[in-house]
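In what follows, a single structure is set out as structure tokens and then discussed.
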Amino acid sequence: MKKREYFSTLVKRLNEPRRFIQSLIGPRQVGKTTLARQVADALEVPTLYVSADLATLQDITWLEQQWNTVRELAKTNGKALLIVDEIQKIPHWSDMVKLLWDQDTFSKANVILLFLGSSPWLMQKGLSESLAGRFEVIPITHWSYKEMKEFFGWSLNHYLYFGGYPGAAVFSDENDISRWINYINDSIIETTISRDIFLMNQVNKPALLRRLFQLSCNYSGQILSYTKMLGELQDAGNTTTLAHYKDLLEEAGLISGLQKFANQNFRRRGSSPKLAVFNTSLLTAQSGKNFNEAINDPVFYGRLIESAVGAHLLNGVRGTQIKVFYWREGDKEVDFVLKLGDKIIAIEVKSTNTSIQHSGIDVFVMKFKPMRVLLVGSQGIALETFLSTPPKEWFE
């Protein structure tokens, strides 16, 4: 769903006579708060915006106080909107919301609710456990190439290097990247790790999690077993801990570990993950390469292209039933596999005019009979076209 579609969908839902709790869930710095404020302006109702994203977490008493304030606004003005940012950081928030929501339903209080959260797992857990039948979720993703081009006039190479964080766009100077790198590292990466992961989860080895994030960025687009990861990280920990830390980083919208495509679920879960960043800026900001070095280094540029394709797919399938995998058998590999029900699409990324070594497309086609095979890049679908096309359209 595009950002403009998010806006129109939210305004329509919040104006409906029978309302549900609307929840925007997505990583930091992708525009959730800006979108919420734009929606509030469009609704033209009294609005209270509050945030629980503080070093000292707010409690349910604080939440009840904010809710009562909006109740008074609704009594005076007919209706009012409460926006709560990072609500998942309030302990037992969903139980209190259920209580207050049911009270308003009984008393016919016209309180409109919009919740924002950067932890999908914690948000979904609270919503599904206590608020079943009372909420709807809109997943907010990293910005696509098409969006960054439309809003900021970015070229393809500019997007490949600087990625899809709209707030960082003002610092994206190709000739001086120092402020941009500081913003990505301090305002996005460090804030996400320290506030969204360490504050909300038990992490016994924080240094290991940080090193895993850096390793995942450095190896984005590559398949790496957990055992090899431990060797690279020079840590005596176990693979279960490492897999758990990978999941935490994935929930925070930083990196993912794609599973190998297989007919049996247990084979997928037991496979070595293919590391992938959700935003190419996470890769380039850790690389030590400036813009010109990254674009003119054929090997690094190839990794950047494959990482951009992976990020586009991971973000593009959010809120859909499409799953993203990779496939490998021996030395034969398919870069990405999309699955929707019984439909399968194989995707090969080609960044140069040279032949594809170790491509497993022919073998994959014989084994799995995909509905479509896509070659992205040289001699295939133009990268700019692919990055401008929602993944679901390839199934049509």
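General remarks:
- Boolean, Q234 is polar (S, T, N, Q) and modelled with pLDDT under 90: yes
- Residue match in segment 16-33 (condition: in a helix (DSSP H, G or I), touching a strand residue (DSSP E or B) at 6+ places or on another chain (Cβ under 9 Å) and over 29 Å from L249 (Cα atoms)): no
- Residues that are more than 16 Å from L282 (Cβ to Cβ) and part of a helix (DSSP H, G or I) within segment 176-193 comprise S178, R179, listed in sequence order.
- Test for D335: is it assigned by TED's automatic domain parsing to the domain that holds G164, in contact with a helix residue (DSSP H, G or I) (Cβ under 7 Å, 6 or more places away or on another chain) and not aliphatic (A, V, I, L, M): yes
- Each residue in segment 73-88 was checked for being touching a strand residue (DSSP E or B) at 6+ places or on another chain (Cβ under 8 Å) and not hydrophobic (A, V, I, L, M, F, W, C), and 4 pass.
- Number of the exception - N185 against (1) over 25 Å from E86 (Cα atoms); (2) surrounded by fewer than 19 Cβ atoms within 10 Å (Cβ to Cβ): (1)
- When F151 is tested against (1) in contact (Cβ under 8 Å) with a residue 40 or more places away in the chain; (2) not assigned by TED's automatic domain parsing to the domain that holds L24, only condition (1) is not met.
- T34 surrounded by fewer than 16 Cβ atoms within 10 Å (Cβ to Cβ), farther than 30 Å from Y145 by Cβ and of a type in the set (V, I, T): no
- Residue in segment 339-351 that is part of a loop (DSSP other than H, G, I, E, B) and in contact with a Gly (Cβ under 7 Å, 6 or more places away or on another chain) present: yes
- Pair list, Cβ under 6 Å, 6 or more apart: segment 170-181 residue in the same structural domain as N292 (by TED's automatic domain parsing), other residue of a type in the set (S, T, N, Q): I177/N290; W180/S172
- Condition met for G231 (assigned to a loop (DSSP other than H, G, I, E, B), in the same structural domain as I305 (by TED's automatic domain parsing) and more than 28 Å from V363 (Cβ to Cβ)): no
- Verdict on G221 being touching a Lys or Arg at 6+ places or on another chain (Cβ under 7 Å), in the same structural domain as R328 (by TED's automatic domain parsing), surrounded by fewer than 17 Cβ atoms within 10 Å (Cβ to Cβ) and not in a helix (DSSP H, G or I): no
- Top-ranked residue in segment 4-32 [being over 22 Å from P91 (Cβ atoms) and of a type in the set (S, T, N, Q); ranked as farthest from the chain's Cα centre (by Cα)]: N15
- Of the residues making up segment 299-318, those that are closer than 22 Å to I344 by Cβ and either free of Cβ contacts under 8 Å to residues at least 40 places away in the same chain or not basic (K, R) (or both) number 10.
- Among the residues of segment 33-68, those identified as more than 26 Å from the chain's Cα centre (by Cα), β-branched (V, I, T) and closer than 19 Å to L14 by Cα are V45, T47.
The values are calculated or read from the model by the stated rules, or taken from the named source; none is laboratory data. From a predicted model like this one, the values you see are computed outputs, not experimental measurements. When we count neighbours, we look across all protein chains shown, and the Cβ atoms used for this are built from the backbone with ideal geometry, even at glycine.
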